[in-house]
Amino acid sequence: MNFLTPLYEKFDSMLIGFVKILPLLGVAFFVIIFTWVLSLILTNLLSRSLSNSRIRKSLSELFVTLFKVIIWTSGILIAVTIIFPSLTAGKLLTALGLGSVAVGLAFKDIFENFFAGILIMLRKPMRIGDYIECEGIQGKVEIISIRETYLRQTDDQLVLVPNSFLFKNPLLILTDQELRRFDIVVGIAYDQDVSVAQSVIENAVSSLNIVNDEKPVEVYAREFNSSSIDFNVRWWAESTPLGMHQSKDQVVTTIKEALDKENIEIPFPYRTLTFKEPLNIQDTAHSVEN
């Protein structure tokens with residue numbers, strides 16, 4: 001059994017080493033327990049203080065999470081240096097720095113969305129409940145998380161948009177204000193009185209309850225179209241997509257009824273055909289019958 005002697009010696013040295021570091025393990029375990037208790041107390045105090053402030057809920061949750069990570073990282077570093085005295089805090093931080101560079105390169109997109117999420121949370125104009133539009137994507141902001149933003153479209157479909165996409169591209173906040181200006185184009189025939197039609201349209205739109213009466217209704221003659229004189233009609237109403245559809249529905253219906261009541265024509269496109277030589281009406285009719 002002489003061949004087992006080295007194995008016994010190795011096991012004996014390992015056992016002796018383990019017994020020697022038992023006190024250090026106890027101290028390290030106490031540090032971990034202390035870190036856990038300290039994390040619970042401090043994060044609870046921080047979350048309470050942030051809940052009483054005007055900071056967004058998602059942003060306060062981010063601060064609490066980052067604070068918890070800092071406490072646990074510090075506690076684990078202290079515990080590791082207690083168990084392995086040769087590993088100083090400087091060496092551990094250097095190793096963590098090199099590791100963070102490698103991790104940063106490997107997870108570039110994730111960190112990009114993470115920091116974009118923080119900046120979006122700090123950006124006051126975009127709030128939970130706002131309707132936004134970015135590069136053809138439109139919806140209501142439901143959740144702003146660390147990595148992506150949840151948008152609920154008007155057809156109730158959910159779209160998850162990376163935060164970096166919202167941060168890099170122009171972002172249109174449709175409900176930044178309670179009211180928004182809408183417009184449509186209305187055409188009348190060339191033989192109609194422009195001033196009368198303009199007055200009829202303005203009075204019809206102004207009479208609607210859904211149109212805001214604090215801001216004026218605007219009706220401008222826009223251009224000479226192929227078969228009509230076009231007006232640009234502007235009004236202010238609720239800025240939500242539902243408010244837009246409801247107000248446009250009532251505005252179009254009311255304008256049509258008002259113009260019909262005043263016998264003002266909304267023309268169809270006219271086409272005038274010109275021939276080089278006179279047409280033989282009789283021959284044309286005979287050819288059609290055949």
key: Chain lengthening between GLU133 and ASP191 when straightened (0.36 nm per residue, less Cα-Cα)   = 16.7 nm
note = If each K or R counts +1 and each D or E counts -1, the residues other than ILE266 whose Cβ falls under 9 Å of its Cβ total -1
remark   = A chain fully extended from ARG147 to PHE114 at 0.36 nm per residue, minus the present Cα-Cα distance, gains in nm 11.4 nm
Residues whose placed amide H lies under 5 Å from that of GLY187, excluding near-sequence neighbours = PHE231
request  = Report Rg (one decimal) and Dmax (nearest whole number) for the stretch 145-290, counting Cα atoms only, units Å.
outcome  = 23.6, 80
task = Averaged over every viewing direction, what's the projected area of the C-alpha convex hull for the stretch 125-173? Give it in nm², one decimal, please.
result = 3.0 nm²
Compactness index (Cα Rg / 2.2 N^0.38 Å), the stretch 179-261 = 1.06
query = For the stretch 101-221, what is the relative contact order in percent, using Cα pairs closer than 8 Å and at least 6 residues apart in sequence?
reply = 19 percent
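Any read-out appearing in this document is the output of simple, stated calculations on the displayed coordinates, not a laboratory observation. Predicted model, so just to flag it, every value in this text is computed and none were measured. Cβ sites come from the backbone with ideal geometry, for glycine too, and all protein chains shown count toward neighbours.
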